[in-house]
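FYI, it's all coordinate maths here, none of it is from the lab. Worth saying up front: this structure is predicted, and the values here are computed from it rather than measured. Don't worry about glycine lacking a Cβ; one is built from the backbone with ideal geometry, like all the others, and counts go over all protein chains shown.
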Amino acid sequence: MVEAERRCTPRVVRRACWLSALGILISVALASVPASAADRYVSTSGVDTGGGTLASPFRTIAKALSVASPGDAIVLRGGTYTETVYITIANIAIRPYGSESVAITSSTTDVNQSNTVWFGASGGSITGIDISGGYFYALRFDAGPGLARSCRIHDSGYICVKLVPNADNITLEGCDISYNGRRIPGLGVDSVGGSYLTVRGCEIHHTNGDAIYAKGGARGCIFEGNRIHDIAGSGIGLGQDTAPQFMVNPPWENIDGIVRNNIVWNVQGAGLFCYAAQNPTFVNNTCIDVATTYQAGLFIAANGAGQGCTGVVFQNNIVRMSGSRPSVHIAAGGLAGAFTSNRNCWTGNVGFADDNRGAWGESLATWRTNTGRDANSLQADPLVDAALHLGSASPCIDAGMSLASVTIDIDGQARPSGAGHDIGADERSTATPVVPPVAPPPATSSVSSSGTAGGSSQGCGFGSGMAGLAILLTALLGCARRVPALRSTVVGR
């Protein structure tokens, strides 16, 4: 009898112990999910004395925020909300109810309504909302991480989207940003010292100043897959000129920024530019009819403190100039180190300028001789179509440099699709595009794979309890593979 017990005990005990451990760990993980996470409903027909439920919604967003806890979602029924929204609670998500159309607007002339939507705490997200107005800004982030996805942001008093120093890890994705500066001229997107800003798949247009830049010492920003057009200022910039008190990484205005796969057209100032930037990278962009009034296709400059750029990389870009401005202009003191330029397609009124050498209007051949740059670049019509994509006979097809950092084009098409990488934002192919992995906004309050919305998610990240549960289950299942009795119980084999 003792021997029989010894023979059966290891398997039985092992199975019981693992199941007990599994139960304990699941209980611990579930206990760590914030109990306070909830959806707070708001409707233009609601009342602030209501319960904030779907059946009894609040009337104002401000009321919903006054009772919200970290991790809550503010869910807006269709309609226009005329108020300023100031979020001081971490991990708050603001989104519409289902597919209903929602707008938040405020005055551009009342100084007391400085920002229409203002995230003063980290982890905030806003999805699928029309945001307009604000004496200064339509949307402002003071802390990160943060997210604005599939929003229309427009008609601000000054700047549409503002990031202040140390508002890091903000993502703007799939947004339409336009018609800023109803009170004074400004930008589409202005980041001063906000590092790791990602602006992806946005359309920025009809601004009365520059479209977008990251300055003030911003590090690791990525601007990719955007369409920039009809701009009264310049297009996309890494660095600019910042007052010393707002610099977070002096002497640099921008560090390790990347601009790739963008299409920029009909811009009065520079299509692409950098000021006092360390290691700025511009690759696979298409710039058509830029610098129609001032600056250049690519403008390289020092900031007000006299710091020039270094480590500039300009490869696989199309630049078409329709006016008299140069294709590239290095301003006085603008270059303090290396500048690599090659495998580009220059077209239109091609010319190169370098104030430091007293050069203006150099031909491509002279530019090559004097600088050693653009040895393998083209001077040819890129033959783009009306959508500024490459035509079937474009000389840019397969003519680019193979770049490990550029694996898709502006449409999500994999690179390369032929014998080599194409020049410009488009990779010519008849294959089905590989869409970049962008999670859709959640329709419910459950934790989403992108971690950007509902009531039980933590703003821009997973709820810690559910993420912990997933990790624990993964670990347990991994262990289960080494314990037959548990494997048959857990995974149903």
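General observations
- Phe246/Ile184 FRET efficiency (R0 22 Å; Cβ-Cβ; nearest 0.05): 0.70
- The spacing between segment 58-123 and segment 216-275, judged by their C-alpha centroids, is 29 Å.
- Förster radius 25 Å - calculated FRET efficiency between Asp230 and Ala305, Cβ distance, rounded to 0.05: 0.20
- The distance between label points at Asp355 and Asp381 comes to 3.5 nm (points 7 Å beyond Cα on the Cα→Cβ vector).
- Length released on extending from Thr80 to Thr109, taking residue separation times 0.36 nm less the Cα-Cα span: 8.6 nm
- Per-residue HN-Hα couplings for segment 305-314 [Karplus 6.51, -1.76, 1.60; θ = phi - 60°; Hz; x = Gly/Pro]: 7, x, 7, x, 8, 9, x, 6, 10, 9
- Judged by the ratio a/c of the largest to the smallest principal axis of the C-alpha gyration tensor, segment 187-437 counts as oblate, that ratio being 1.5 or greater while a/b is no larger than b/c.
- Viscosity 1.002 mPa s, temperature 20 °C, Stokes-Einstein D of segment 212-299 from Kirkwood C-alpha radius, µm²/s: 169
- Spin-label pair Ser392-Thr340: with each label point 7 Å from Cα along the Cα-Cβ axis, the two points sit 3.6 nm from one another.
- By the beta-carbon count within 10 Å of each Cβ, the least crowded to most crowded order of Trp252, Trp360, fewest first, is Trp360, Trp252.
- Linear extension gain, Thr366 paired with Thr44, 0.36 nm per residue minus alpha-carbon span: 109.4 nm
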